[in-house]
Every structure is written in structure tokens, then in C-alpha cells.
Amino acid sequence: MQKVRQLVDQFQPAHYTLDLDVRRQTRRFSGAVVVQGYLPYATNGIILHARGLMISEATIDDMPAKVSSGKDDELTLQVSETLARGDHEVKVVFAGRITDSLHGLYASYYNLEGKKKELLMTQFESHYAREVFPCIDEPAAKATFELSVEAERGVDIVSNTPAVKQSNKDTRQTVEFAKTPKMSTYLLAFVIGELEHIRAKTKGGTIIGGYATQGQAKHMQFAVDVAVQALDFLNDFFGVPYPLPKCDFVAVPDFSALAMENWGCVTGRESYLLADESESDISVKQYIVIVVIHELAHQWFGNLVTMEWWNDLWLNEGFARFMECYVADKLYPEWGIGLDFLAKKVSLVQSLDGLTSTHPVQFVINHPEEIEAAFDSISYEKGASTLAMLLNYVGEEAFRDGLRRYVRAHQYANAVTDDLWDALSDVSGKDVKAFMANWVGQPGYPVVTVSEKGDGYLLRQDRFFANPRHRQDDPTVWQIPLLANIYEMPSQLSTRTLKTEAIHSPEPLKLNKDQVGFYFTLYSDELRQRLNASILGPSFSVKDRLGLLNETFELARAGYLKTVEALKLIDSFSSEGEVHIWDVLSQQFGALRVLIDADRETLEGFNDYVSQFVRLQVEQLTWRSFEGESEGDRLKRKIVLSLACGADDVGAVMQARQLFENSKTFNEVPPDLRVVVYSSIVRNGMQADFDSLMRRYLKTDFAEERRNILMGLCATTSPDNVEKLLDHIRNNGRIQDLIYWLTELSINPVARPIMWKWLKKNWKWLTELYANDPQYTYLPRYTGRTFSKRTELADFQEFFEPKRKDQVLNRAIDQNIEAIDMRVQWRSRDYSAISRFFSGT
């Protein structure tokens, strides 16, 4: 894609005075913006960004300006006189439309006592501020902002900074906000609507606000409590205090991402900020902890110090993802959120990064249309994983001190990746740039092959390829921390091959202790058998067991091992007590189910195997929690009962039915088990059960319950019901929930072909719905994620190949084609052996 020019090079804003008049009933807004900035050279024009705005007047230094629009959302203002190098003032009067697009200024809908209500709110990341006011809409163009918003009376208006003045005239009100710190345009935000709030104060005196729609603010208490603790921790960690007097969290009904770190005015989905003490399960509270800490970490990494351009998006997102685990494990160690990340996220990003169509953590963004594709698990999860590896390399104290140096040096300014490496190198005395170069600068990651050679070991590193068809020689060599459990082993592998000295140890060799390194280990048959036989022993941590399970299955899927070898490893884990191991087991069973769900005989054998595998855990945990029970056991109960019901275990299905029928209201089903019960009831029940849940879905105003029911409804085995759900998506569904619907339906073998046919039929509508939306790339990425047959691959390619003219989809199309082809090969290579394993032959 052609490289867009960066407008900050020709005009550098210093301050915006922005006055907006928002008219909800007519779906329009108007306003005036005054931009004070610096012109680095003499010229007769200044270029701003603007998209979809009607310009009625423009001046530069009070001189009338001729206005013209160009490509890449450029708005050129020209005057008759030459503008000298130096400070100048631009004024533009404009108008625009309020949309339903989930970016720019849009409406977010909800129901209150049977009446449709709405909030008006902004979402400016990555390059959507230009849809609301003319500006230099680039992260390096940092400036201060003074905002005033006029709206109808009777509503609340929340923005980045506290309100300093409020005035009324007739039916209208105007709220003026305090000047912001110097920041990028994508961090400006405001929300207008009927809101309620609660407040608390940190030790440092920062006011934490929890805002939500009417009747929901009380459910913000948990998020506010987390924010108070986390902000105090982060103030101490960074050594640079949070600079604003307040930090509000605003829970909104419709939101494209999970949450957004707007400085002092964090916005996010209700389902990731609201918790009910009696209605929410533990996993929801864990998500809230993760989201709150993630967005607060951004207040330093992203807001205070901002990437210079989107090439370094990972500096924002990878770091925030790392900190959400690091801080959560400090504040809530009993939840093992770092373990949760290892169990649920790392294997997913390794699957993606094993494709030839992956990209480096740090990669070139030429055009704003490419930015949204960078908001993926490579930037987030791989970025976080490499930072965890770096912390281990330099040590925790040096890591913290290096971050403090980096933040102090670049606060209220911009930075690039090398700035972070320099700060960490200065403090640690290690060459961090050399260590990290290929981890963030090159695509993919290594697999270390290890075998016995004489009295020592022979090690070799190669790039891991998830798809055997694309396996090739790759010259990349990483500096790999071996982290062996045998102390005589070298600490690092930084060459293609390495032969160790003689090593005499009774311990079976295990590399990558605690799965700190972002790589796989492929052991020789003899070494693997010795390790597998010992992995449940006291010498190996939960992270070691979890990592061995994950990497064994990934190596099998990619053809480095036979899948039966991974299945034999699973056999030894039925008495495992750690919940995070069960998370991994559940994921692997899910992947196998997708591979075999069209083969009734093999599926029956698989279900019998899973039912027997979980029986001991089901008997120990039962269907009811008890006082004093650990939260780990409550979470594990949800996993094992879901596996049992999903395997059509007669006893489990009957228990789910009994629990459902004995509940006079839906609220009497334990929160932790609602998805399990709803899914089982819909899959095995009658039409009346589906209809009852659908009515509940349409009626409830609690976001968490809507999502629970959504997942349950998607388990239907009735084609007619699948059609009903797709009709609902088309006519009544929320934009933000569409991907959830499609993802859940894709897992269901009955719904999968119906959903795919519907997607193809409704593609034009979908592209219009998601125009310029971050979720647009999710359509090819998620709808084919369970395809594993040659016919499905051919169908996917035939449909999406013509869509390549929309270049923003290209990477997602390539990745999914390669991933489907990998599953096709996996099926072709190992299906017979998998079938024999589950049939006992």
C-alpha cells in the first residue's frame, strides 16, 4: 500500500481549542477548532486531516483560506500570502454526522424499563479524531486540548479532564473542560448521556470514577476498587506519578474493542467493566482486573510516552498486555492471571506466529488503513511474551529501573523501540537491543531440536512453521534463553547449532523452565519419553506442565510429532488438580473435536474418552460450590462440567437439566455454570428451552448475562434455530457482538455451514456495517477458524480471493488460508491414527 505522508512534518500543533455543538435528535454536530502550532518552513498553506466533515469557514492567522480536499483525508488550507516559518493559528468551522459505526462520534444504544435509550460517545483510536474535527491526526502530533461541549440539558458529559464551567441556556447546556496534558489526538474523548457514577480516591489523591447507564453504576464498584489499587501500584512502579486529578472508567453498551485508554476517561464494554457480586462468575471479575490494569498501564505506556508512529504500536499494546499480568499477579496472586495468560493466550499467538503470513512485532505501517490489522495477537501477546522474556534476561530490578528511565526521558513526548532498549541497556549493562532484535524485528520464532550426543547434548535452532507445506530454510538466528533444569547446560543458544560438554545428571532434561522463552522444544523420542514420564513430579512447576502440553500439541499439529504422541501425554493428566492445566486440556479437546466432528463413529469414541477422562474431577467437584472452596476449584468445575456436557455424558446432561428446571428464575442457576447449563439445555433440550432463553436474551439488560445466553444459544442443533439467530444478527444484533455470534456458531458443526452461507450472502451488508471499523479484519480471521476440510479450504479461497482488492483484508485472508490448509494437512496426516486411538483399536 502506498506510503501516506505524515502531516506533522509540515505543521506541528501545540494547542487545540475545540468547541462542539452536539445535536442528538438530528444526528448532527457542528463546531469550531482553533489550532495553534508551528510551521517549520515558509509556505502559503497548511494541511490538516478531516474525513466526512463539511467545512464552512477556514482562516490562517485570521486570513480567509481556500479549502480543498485530497487523498488520504487531507484538508488543504491555502492563503494568498506567504506564511513565514514560526507560530501560526488555524481556525476551521465545520459540521458532521453522528453515526452508528463505533468510531468517530457515534451512538451507543441500550434499553431502560422497556424504552430505547442511547449514549453519544467518541472512539478516536487509531485515526478517527479526523471524523469529528480537523486536526493533525497522528501520534507524533501531540498537543494540549481545551474542549467545550454543548448538548441538551439533563444529560451528563464526561471527558478527559474535570469540568471547570457549566452554563445553561434554554434547553441546552455547555460544559467546558480543563486543559489536558500534551497528548495525541486519538486519546481525546467524551461521553454524553444519562449516567450514574460512584467515586473513590487513591492514596495519591487521584479521584477514580465509575460511570455507567442508569441502574448500572453500582456494578462498577469492583472495577473502581481494582483501579484504586492498581493506580497506586503503578505510581510507585514507574516513579512518575499519574498526572491528572481524576481517572474515570465509563462502561458503555456498544464498543468495538474491549476498552480504550483515553487519558483520564477510559471507556469500555459493559461486559468487561460491570460485575454483580451475586450474579457474576469469577472469570468475569478476572477479566475486569485485566482490562482495568491494561488501560491504566497505558496511562504511562501510550499516553504519557507515545509511539512516534504506528510501526511501534507494540510499545503500547505489548507492554500493557505484559503489565496486566505482572501487576495482577502482584495484587491478586491467588488468581494466577499470569498462568492464565500462558494457558489461554500464548499458544494462540504461537499458532499465528508460526504462519509464513505472520508479521514482526515491530513492522512498517505505510497507510492508516493498515493500522487496524496491527491490533492483533502479535502486537499484544507476542509483544508481552518477549517482554516477560526480557525481564528474566535483565532481572526484575533492572527491568523496572530501565522503564523508569525510559518514562522520565520521554514523558509528554514520543519514542521508538530503540529508546526502550537504550534505557534498559544503560541500567542493566546488557546489550538489550542485540538480545531482542530478532524477537521483535523478525517474524516467527524458533523451535529448538535437542538430542543426546555422546555424553552431552546436541541442540539446533530453526524457525518453527505451523504449516508443513511452507516449511523452509530460514536464516534467522535468535538469542534463545535455554533456561534448562540442569545447571551444567549453557544459558543461551545464539548460534544455529551447539554441542554441549559432557553432562551427567539423573534428571530428565527440560528446557525453557516455566515457559519464559517464546519458543518450542522438540526433544528426541528418548528424551521426550523420559520427560513425559516425570513431568507430573515435584521437580516441574505448573508452568512446565502447562508448557509441555501446549508445545506437544502444537508440534503435532504442525507435523513435527505424531498426534498420538500428544494424546498419550494427555492420558497422564486426568488426575491433574491445577485449573490452568485444565484450561489447556479443554483447548486441545476442542481442537480435536473440530477435526473429527463430522465423523459420527469417531466422535462417539471421542465423547466416551472425554467423559471417562473428566469423571474423577466431576465426582470430586460436584455441581455445587461450598463455603470456603477455592476460586481455582470453582473455575475448574466450570471447565470439567463443560467438557462432560459437551461429550454428552448422560449424568452431566441430566444434572444440567435438573439444575435448569429447579430454578424458578434464570438467576438461580449459579453464575459460574450458566454457560455450561445453557449450552447443554439448548443442545439437548426442546424448542421451548431455546425460545425461553432467546426471550431472556432480548429482555435482560445485564451485559454478562447476554453473553452467557449468546454462547448457550449458539449450541443449538436445530438448523431452523441457527437461521433465527442469524436473522437476529441481521436485524437486531449489536455491531460489537456480531463477531461473538459468528465465532460461537463456527464451533457448532450444525451451524457452521449455515453461518458460512449466510456470511457470503450478506457480505455487502457486512462490509458497509464494518466500513473503517477495527473489527473488519475479524470477518475472514474468525469465520474460517474451524474449517479443516479440502472443500472448505477451496470454498474459503474462492470467496475471499476477489476481496483482496480491499487491501486491509489481505493479511487476515492469507493467514486464514494458511491455517485452514494446516488443519487440512493435519487431518490428512493423522486422522486415521486419531480415530483408532479414540475407538480403542
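Looking only at the range 695-732, filter to residues that are assigned to a loop (DSSP other than H, G, I, E, B) and either open to solvent by less than 30 Å² (accessible area, probe 1.4 Å) or of a type in the set (Ser, Thr, Tyr) (or both); which one of those is modelled with the lowest pLDDT? Show your work before the answer.
Narrowing the range 695-732 to residues assigned to a loop (DSSP other than H, G, I, E, B): 700-702, 714-718, 732.
Remaining after also requiring either open to solvent by less than 30 Å² (accessible area, probe 1.4 Å) or of a type in the set (Ser, Thr, Tyr) (or both): 700, 702, 714-718.
Numbers: Thr700: 87, Phe702: 84, Cys714: 97, Ala715: 97, Thr716: 97, Thr717: 96, Ser718: 97.
Among those residues, the one meeting the criterion is Phe702.
When the residues of the range 626-648 are filtered to those that are among the charged types (D, E, K, R) and without any contact (Cβ under 8 Å) to a residue 12 or more places away in the chain, which remaining residue is least open to solvent (accessible area, probe 1.4 Å)?
Of everything passing the filter in the range 626-648, Glu629 is least open to solvent (accessible area, probe 1.4 Å).
For the range 428-446, which positions are crowded, with 17+ Cβ neighbours inside 10 Å, in contact (Cβ under 8 Å) with a residue 60 or more places away in the chain and part of a helix (DSSP H, G or I)?
Trp439, Val440
Which numbered condition in (1) part of a loop (DSSP other than H, G, I, E, B); (2) open to solvent by less than 40 Å² (accessible area, probe 1.4 Å); (3) at pLDDT below 95 is the only one that Leu561 fails?
Checking Leu561 against (1) part of a loop (DSSP other than H, G, I, E, B); (2) open to solvent by less than 40 Å² (accessible area, probe 1.4 Å); (3) at pLDDT below 95, the one that fails is (3).
Looking at Thr495, Thr449, can you tell me which residue is touching a Phe, Trp or Tyr at 6+ places or on another chain (Cβ under 9 Å), under 18 Å from Thr521 (Cβ atoms) and either modelled with pLDDT of 95 or more or open to solvent by less than 50 Å² (accessible area, probe 1.4 Å) (or both)?
Answer to the selection: Thr449.
Among Val92, Val79, Val132, which is the only one that is over 16 Å from Ser30 (Cβ atoms), among the hydrophobic types (A, V, I, L, M, F, W, C) and either out of contact with any strand residue (DSSP E or B) (no Cβ under 9 Å at 6 or more places or on another chain) or open to solvent by less than 40 Å² (accessible area, probe 1.4 Å) (or both)?
Val79
So if I check each of Pro753, Pro749, which one is in a loop (DSSP other than H, G, I, E, B), more than 30 Å from Glu131 (Cα to Cα) and not β-branched (Val, Ile, Thr)? Steps first, answer last, please.
On the way: Pro753 fails: in a loop (DSSP other than H, G, I, E, B).
After ruling out the rest, the residue left standing is Pro749.
Looking at the range 356-398, which of its residues are more than 16 Å from Trp309 (Cβ to Cβ), part of a helix (DSSP H, G or I) and among the charged types (D, E, K, R)?
Of everything in the range 356-398, those that are more than 16 Å from Trp309 (Cβ to Cβ), part of a helix (DSSP H, G or I) and among the charged types (D, E, K, R) turn out to be Glu381, Lys382, Glu396, Glu397.
What about Lys510, is it modelled with pLDDT of 95 or more and surrounded by 16 or more Cβ atoms within 10 Å (Cβ to Cβ)? Outline the logic, then answer.
Details: modelled with pLDDT of 95 or more: yes; surrounded by 16 or more Cβ atoms within 10 Å (Cβ to Cβ): yes.
In short, yes.
Pairs, please: C-beta under 6 Å, at least 6 apart or cross-chain, first residue without any contact (Cβ under 8 Å) to a residue 12 or more places away in the chain and in the range 802-816, second assigned to a helix (DSSP H, G or I) and of a type outside the set (D, E, K, R)?
Arg804/Asn810
Going through the range 504-527 one residue at a time, which ones are farther than 24 Å from Val349 by Cα and either in a helix (DSSP H, G or I) or touching an Asp or Glu at 6+ places or on another chain (Cβ under 8 Å) (or both)?
Once the filter is applied, which keeps residues that are farther than 24 Å from Val349 by Cα and either in a helix (DSSP H, G or I) or touching an Asp or Glu at 6+ places or on another chain (Cβ under 8 Å) (or both), the range 504-527 yields His504, Ser505, Ser524, Asp525, Glu526, Leu527.
Can we say Asn732 is closer than 20 Å to Leu102 by Cβ and of a type outside the set (Ser, Thr, Tyr)?
So Asn732 fits the description; yes.
Among Ser283, Ser256, Ser271, which is in contact (Cβ under 8 Å) with a residue 60 or more places away in the chain, in contact with a Pro (Cβ under 6 Å, 6 or more places away or on another chain), of a type in the set (S, T, N, Q) and farther than 18 Å from Phe177 by Cβ?
Ser256
Which ones in the range 386-405 are open to solvent by 10 Å² or more (accessible area, probe 1.4 Å) and either at negative phi or at pLDDT below 95 (or both)?
Ala388, Leu391, Asn392, Tyr393, Val394, Glu396, Glu397, Ala398, Arg400, Asp401, Arg404, Arg405
Specify the residue that is nearest to His15 (Cα to Cα); the eligible residues are those in the range 412-427 that are assigned to a helix (DSSP H, G or I) and open to solvent by 30 Å² or more (accessible area, probe 1.4 Å).
The selected residue is Asp419.
May I ask you to list the residues in the range 758-797 that are open to solvent by less than 20 Å² (accessible area, probe 1.4 Å), part of a helix (DSSP H, G or I) and under 27 Å from Gln123 (Cβ atoms)?
Answer for the range 758-797, where residues must be open to solvent by less than 20 Å² (accessible area, probe 1.4 Å), part of a helix (DSSP H, G or I) and under 27 Å from Gln123 (Cβ atoms): Leu759, Leu766, Gln775, Thr777, Leu779, Pro780, Thr783.
The values are calculated or read from the model by the stated rules, or taken from the named source; none is laboratory data. This one's a predicted model, so the numbers in the text were calculated from it and none came from an experiment. Cβ: placed from backbone, ideal geometry, glycine included. Neighbour counts: every protein chain shown. What goes into the accessible areas is simple: the full protein's heavy atoms, side chains included, and nothing from ligands, DNA or RNA. Shrake-Rupley method; radii C 1.70, N 1.55, O 1.52, S 1.80 Å.
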